[in-house]
1. Keeping all protein chains in place, calculate the accessible area per residue for the chain (probe 1.4 angstrom), answer in Å².
2. What is the distance in Å between the Cα centres of region 290-306 and region 183-234?
3. Please work out the ratio of the alpha-carbon Rg of region 349-395 to 2.2 N^0.38 Å and round it to two decimals.
4. Considering only protein heavy atoms and a probe of 1.4 Å, how much of the accessible area of the chain is carbon and sulfur, as a whole percent?
5. Take the chain, drop everything but the C-alpha atoms, weight them equally and run the Debye formula without solvent; then report log10 I(q)/I(0) at 0.09, 0.10, 0.13 Å⁻¹ to two decimals.
6. Place +1 on the Cβ of every Lys and Arg and -1 on the Cβ of every Asp and Glu in the chain, take the dipole about the Cα centre, and give the residue among Leu280, Ala401, Leu46 whose Cα lies farthest towards its positive end.
7. Could you estimate the translational diffusion coefficient of region 281-424 from the Stokes-Einstein equation, with Rh from the Kirkwood formula over C-alpha pairs, at 4 °C and 1.567 mPa s, in whole µm²/s?
8. Name the long-range amide H neighbours of Val409: under 5 Å, sequence gap of 5 or more, or other chain; modelled H, no Pro or chain starts.
Amino acid sequence: MERGVDVTLAYGSGGLVATVPDDAHVVLPTDLPGLDDERDAITQALRAPHAGPPLGKIIDATCRVAVVFPDITRPMPNRTVLPPLLDELTRLGVGPDRVSLLCANGSHRLATSDEMAALIGPDLVSRYRVHDHAATDPDHVDVGRVDGVPVRIDRRYVEADVRIVTGFVEPHFFAGFSGGPKAVCPGLAALETILEAHSPRRIADPRATWTVTEGNPVHDFVRAATALAPPALSLDVAINNARQVTAVFAGTLPDAHRAACAFVERTAVQRVPHRFDVVLSTNSGHPLDRNLYQAVKGMAAAERVVAAGGTIVMAAACADGLPAEGGFGRLLAEARSPDDLVSPHATPELDRWEAQVLGRVLQRARVQLRTDGLSDDEVRAAHLEPVADVTEAVARAVHAAGPRASVCVLPLGPLTVATPVGRA
């Protein structure tokens, strides 16, 4: 490949520069400026929400309050969002002694003490009760059923007088969008509830995809499960590439979350003219590319625009490996081919959903991975091809595809929902 154009890819904490052909189609979300005063915008949203009563109308000094926040796998600006919320609670007479902070891990691993301090700030860790949710913890409460399946949620959340969830909204590869009800289910759900929300049957449905929330069997279950133990208030933000807050959406579910999703869809969805022979993608850098499990999202973003039989070149740091915990690595190792990963009739089990999506991607295209967190053997065991240099990998894929080969680049991976013109 002759000298082309340099593109900075979101990779780990430092980024990665790749050289791609001059005519490569580089796709980025509309990057809005951060708000002039993020703190004030959050405070004002709590006092005048998009839907439902303001915080001052649902709280009093006798309340026990649960405040939910996203875990270490999300680029949520917790240290920006939580302080003004907690200060507003204090102003209303509800201080740290009556507030519990709940980390919505879903089925992800717990944070270390250092990671928790970095996630929400050492000051909050020292002044508030912080609970790191574990899906396998027996301390969950049955709050009802969805589709005949019991929904069990963390007792600390269910038994609080007032429940507040926080999050940030981004497109999600099978739940439609993040944020809103996902803080509760899967965020605070028991493992058996999470397995149903992510069952192979639901994941296999074509409506379980980016930006679709109505009629999406995953999001429908999540929304219905959360409605069994709803938060009094949801506080979602939209963020830009620098992780600055660009908009704030507070209020009751589902209305406040719908407003946030509509806002984000206008900036995240980008039309492209056609599918491409070669797609270079990322998983949006740290913390989203901290392991291969998470990096499947970036591959799924590339799947939307890669031609059948094409090549996806993926750059993801994977500092936490596969990771070692959970069932993702075992499921990949047990599969003889990608076809073994995709059955909608498979038994629901931990992390099968991510393996199922990876299998679907691999049925469409070969995937090459540039990473510092996995050995070449580990990459091959995941049915991927290791590459040492993304520039060279793209050049080889272009050469193999022929003189009319087309290239698409997703520098921020799943933060951009690239959609070919005419695609439903």
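The values are calculated or read from the model by the stated rules, or taken from the named source; none is laboratory data. Just so you know, these numbers come straight off a predicted model, no measurement behind them. So basically every Cβ, Gly included, is an ideal-geometry build from the backbone, and we count neighbours across all protein chains shown. Ligands, DNA and RNA are stripped out before the accessible areas are found, and what is left, the full protein with its side chains, is counted by its heavy atoms. Shrake-Rupley method; radii C 1.70, N 1.55, O 1.52, S 1.80 Å.
1. Working: 16270 Å² over 424 residues.
Per-residue value: 38 Å².
2. Measuring centre to centre over Cα atoms gives 20 Å.
3. Values: Rg = 11.9 Å, N = 47, 2.2 N^0.38 = 9.5 Å.
Region 349-395 yields a ratio of 1.25.
4. Working: 8070 of 16270 Å².
With neighbouring chains kept in place, the figure for the chain is 50 percent.
5. Here the Debye-derived log intensity ratios amount to -0.53, -0.66, -1.10.
6. Among Leu280, Ala401, Leu46, the one farthest towards the positive end of the dipole of the chain is Leu46.
7. Values: Rh = 15.3 Å.
This corresponds to a translational diffusion coefficient of 85 µm²/s.
8. Those qualifying (amide H under 5 Å, at least 5 residues apart or on another chain) are His25, Val26, Val27, Leu280.
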